[in-house]
1. Tell me yes or no: at least one residue of region 239-258 is closer than 24 Å to residue 277 by Cα, modelled with pLDDT of 95 or more and part of a loop (DSSP other than H, G, I, E, B).
2. Could you figure out which of (1) under 47 Å from the mean Cα position of the chain (by Cα); (2) at pLDDT 55 or above isn't true of residue 152?
3. Condition first: farther than 22 Å from residue 204 by Cβ and assigned to a helix (DSSP H, G or I). Now tell me which residues in region 265-288 satisfy that.
4. Please go through region 14-26 and pick out each residue that is assigned to a helix (DSSP H, G or I) and surrounded by fewer than 22 Cβ atoms within 10 Å (Cβ to Cβ).
5. Could you check, for region 175-185, whether at least one of its residues is touching a helix residue (DSSP H, G or I) at 6+ places or on another chain (Cβ under 7 Å), exposed (fewer than 15 other Cβ atoms within 10 Å of the Cβ) and in a helix (DSSP H, G or I)?
6. Would it be correct to say that residue 19 is on the phi > 0 side of the Ramachandran plot and without any contact (Cβ under 8 Å) to a residue 24 or more places away in the chain?
7. Scanning region 256-271 for residues that are over 16 Å from residue 244 (Cα atoms) and buried (at least 18 other Cβ atoms within 10 Å of the Cβ), which turns out farthest from the chain's Cα centre (by Cα)?
8. Can you name every residue in region 41-70 that is in contact with a helix residue (DSSP H, G or I) (Cβ under 7 Å, 6 or more places away or on another chain), in contact (Cβ under 8 Å) with a residue 24 or more places away in the chain and surrounded by fewer than 18 Cβ atoms within 10 Å (Cβ to Cβ)?
């Protein structure tokens, strides 16, 4: 690292720690150009890039950071989480899931439980369910085309003897069955995260979102959001979903207070269901 890169990087990291995020991001940009190679500072830089919506740049930097020999195991976990957040926001949720599943296989960690759990929610919400009828129709059409080609080849090629009867082939699982199996595995993982740490507010919120958004059981989700809020009263997504219950009861005042708390105290990240614009739009709607 150049002396200039080190000095600028230290200033950026200090500004970041003091909550001066705009200044920190500007300084990180300069320090990176000047050759900053401290992995802790670079990870901080990618966090701010992600919050700023610069996903491609964050991913590019994280790929380079993987080769840094000074990375500790905890830093590597953070690197993979930041990378998964970047590719998720770039529309590659499955890529992020595969990466974190491999990392989880090496040993449990709270940050992995939090992040992978959230990516599972985003993957399995009902609106992302594949069109299984179309998939099965396409597979059937492909099989029929292959059969027709084989039949045509059989008409033009002579055979000396009939082949021996083939062993019966076990039926393959349908796309629908495979999806459900993977979905059940995801739910088991999120429940396992609660067993790992039943006071992790993010994992509790993940459980609430799974029940609310994926299973559609709003009544069953409420207890999980309430448990999460007791542990972290400023948690963005938890406040959002609990405000939905307020609105269901007709208590717009309570809902408004929660949205105001989101905007006053919340630090939005790519791994939030709610972004700042969504909260600001809701605030305006409730005040109207």
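1. Let us first name the residues in region 239-258 that are closer than 24 Å to residue 277 by Cα, namely 239-248, 250-258.
With modelled with pLDDT of 95 or more added as a condition, the list becomes 239-248, 250-258.
Checking the rest, the ones that are also part of a loop (DSSP other than H, G, I, E, B) come to 250-251.
Yes, region 239-258 contains a residue that is closer than 24 Å to residue 277 by Cα, modelled with pLDDT of 95 or more and part of a loop (DSSP other than H, G, I, E, B).
2. (1)
3. Hits for region 265-288 are 276, 277, 280, 281, 282, 283, 284, 285, 286, 287.
4. Of the residues in region 14-26, the ones assigned to a helix (DSSP H, G or I) are 14-17, 21-26.
If the condition is that a residue be assigned to a helix (DSSP H, G or I) and surrounded by fewer than 22 Cβ atoms within 10 Å (Cβ to Cβ), then 14, 15, 16, 17, 21, 22, 23, 25, 26 are the ones that fit.
5. Keep residues of region 175-185 that are touching a helix residue (DSSP H, G or I) at 6+ places or on another chain (Cβ under 7 Å), which gives 175-176, 183.
Still in the running and exposed (fewer than 15 other Cβ atoms within 10 Å of the Cβ): 176.
With the extra rule that they be in a helix (DSSP H, G or I), the set shrinks to 176.
Yes, some residue in region 175-185 is touching a helix residue (DSSP H, G or I) at 6+ places or on another chain (Cβ under 7 Å), exposed (fewer than 15 other Cβ atoms within 10 Å of the Cβ) and in a helix (DSSP H, G or I).
6. Details: on the phi > 0 side of the Ramachandran plot: yes; without any contact (Cβ under 8 Å) to a residue 24 or more places away in the chain: yes.
It is true that residue 19 is on the phi > 0 side of the Ramachandran plot and without any contact (Cβ under 8 Å) to a residue 24 or more places away in the chain.
7. Here the answer is 266.
8. Pass one, region 41-70, residues in contact with a helix residue (DSSP H, G or I) (Cβ under 7 Å, 6 or more places away or on another chain): 41-50, 52, 55, 57-59, 61-62, 65-66, 68, 70.
Those still in the list that are in contact (Cβ under 8 Å) with a residue 24 or more places away in the chain too: 41-50, 52, 55, 58-59, 61-62, 65, 68, 70.
Correct list: 52, 68, 70.
The values are calculated or read from the model by the stated rules, or taken from the named source; none is laboratory data. Since we're looking at a predicted model, the values are computed, not measured. Positions of Cβ are generated from backbone atoms using ideal geometry, with glycine treated the same way; all protein chains shown enter the neighbour counts.
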